Every structure is written in structure tokens, then in C-alpha cells.
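Data block below; observations after.
The values are calculated or read from the model by the stated rules, or taken from the named source; none is laboratory data. For clarity, every value in this text was computed on a predicted model and none was experimentally measured. Don't worry about glycine lacking a Cβ; one is built from the backbone with ideal geometry, like all the others, and counts go over all protein chains shown.
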Amino acid sequence: MKNYKTNKLRNAIRTTILAASLAVTPFVMADNSKYDADDKLRDAWLDGKVETALLVNRHLNNFEIDTDVKGRTVVLSGTVNSEIDKDLAGEIAKGIEGVNKVENNLVVEKPENIDYDDEMDDDANRSFSNWYYDSTTTAAIKSKLLWNGETSGLKVNVDTMYGKVTLKGNVSSSAEKDLVEKIAENTDGVRSVDNQLKVVQDS
């Protein structure tokens, strides 16, 4: 996975740099309309921008997402872990200046459940696979909270260890506290939720 991400990032940067270098050649500088009319150059530029935006997003950089741009239309393919991640990738692509349309063909493949050892509860002994799975679970919960208009996602701290989620931070009401807990409970990979959120009324 690490090599995949590194190669994808290198390819995205290489594409962006290539498009930029071509755009400032004497020929193009002499005729700016040529750049505007060069569909392949424009699409290569957009492809590099979309690839980079997806790769640096902390909620999506663990997933395998491929991009292709034709006529300012971005086509997304590959796999993500949830519908939230699929929608997030599509919104990021739509937000790139110059993109007219996004065809989101990403496939949701939920990760296999890991059989955790109930006796294990400390971070020191956590294997890389368990750490990776817990990190993915945390990212999924944070994504849901950030996209939900009824929760203050930025004020909620989420920590996952062996599938056990701990929620900390401040919320504005008991209803929001219960909603955050329910969102966490309904996320794949969650075994239990320790809701330590505090209700703090805005002054």
C-alpha cells in the first residue's frame, strides 16, 4: 500500500509539472489561445491536480483511487471503504477549478472484520494491522461527523483502539451527544463506544 501511494503521488506530481512546463514554452506563450484549445494538455493538468488533492486528503490517502480526465470530465475508479468516502472523493474532484463534471465510479468495499483479542488493551502491543484498521475506523467516523450538519465534527476527538472508540470534546446539547455516539456505533469496525463528550452551552 505504501509503494502504491508513493508511486501515485509521484505520477500526479510528474503530470502536473509536465503540464506546467509545456504551458510556459515560447510557442505557447506566443499564442495563449493554443493552451486553451489544447484539450490533452488541459486535461493532463487537471488530472494531476485531482490526483494530488485526493492523495493529500487525510481521510482518503489510504484508499486506491484512480483518476482520468477527458474533456474536463473527471472519471474516478478504484475502491473506498464507505459511501461517505466515495462522496468525499467526488466532492473534492468537483472542487478543482476547471472541472466541469465528475463520473464517480468508485466501488465501496468494506474491510473484513478483524478478530481482536479482548485481553489486549494497550497501544504498545498493538500490531500494525490492528493499528491500520483502527486508524481507518477513526477516519471513517470523523468523515461522517464532518459531513453531518447536525454535529460539530471539529470539536469531537475520536480515538480507536482494538475497535473500541472513545469520544471526547464538547457538544452543544444532549441530542448532539447522542447523535455522535450513534454515528460512531453505526460505523464498520466499531465494537463499543465510550462517550465522554461534555455538553457545553454556547455563551
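A few points about this structure:
- Verdict on residue 189 being buried (at least 18 other Cβ atoms within 10 Å of the Cβ), closer than 23 Å to residue 80 by Cα and modelled with pLDDT under 85: yes
- Positions within segment 65-88 being in contact with a strand residue (DSSP E or B) (Cβ under 7 Å, 6 or more places away or on another chain) and among the small types (Gly, Ala, Ser), in sequence order: 77, 78, 82
- Residue match in segment 103-115 (condition: in a loop (DSSP other than H, G, I, E, B), modelled with pLDDT of 90 or more and in contact with a Lys or Arg (Cβ under 6 Å, 6 or more places away or on another chain)): yes
- Being surrounded by fewer than 19 Cβ atoms within 10 Å (Cβ to Cβ), modelled with pLDDT under 90 and within 12 Å of the chain's Cα centre (by Cα) is true of residue 58.
- Scanning segment 79-91 for residues that are part of a strand (DSSP E or B) and modelled with pLDDT under 85 yields a total of 1.
- Looking only at segment 65-78, and only at residues there that are surrounded by 15 or more Cβ atoms within 10 Å (Cβ to Cβ) and under 14 Å from the mean Cα position of the chain (by Cα), the one that is modelled with the highest pLDDT: 76
Okay, residues lined up against (1) over 29 Å from residue 90 (Cα atoms); (2) without any contact (Cβ under 8 Å) to a residue 12 or more places away in the chain:
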residue: 137; (1), (2): no, no
residue: 147; (1), (2): no, no
residue: 157; (1), (2): no, no
residue: 163; (1), (2): no, no
residue: 173; (1), (2): yes, no
residue: 181; (1), (2): no, no
residue: 186; (1), (2): no, yes
residue: 194; (1), (2): yes, no
residue: 201; (1), (2): yes, no
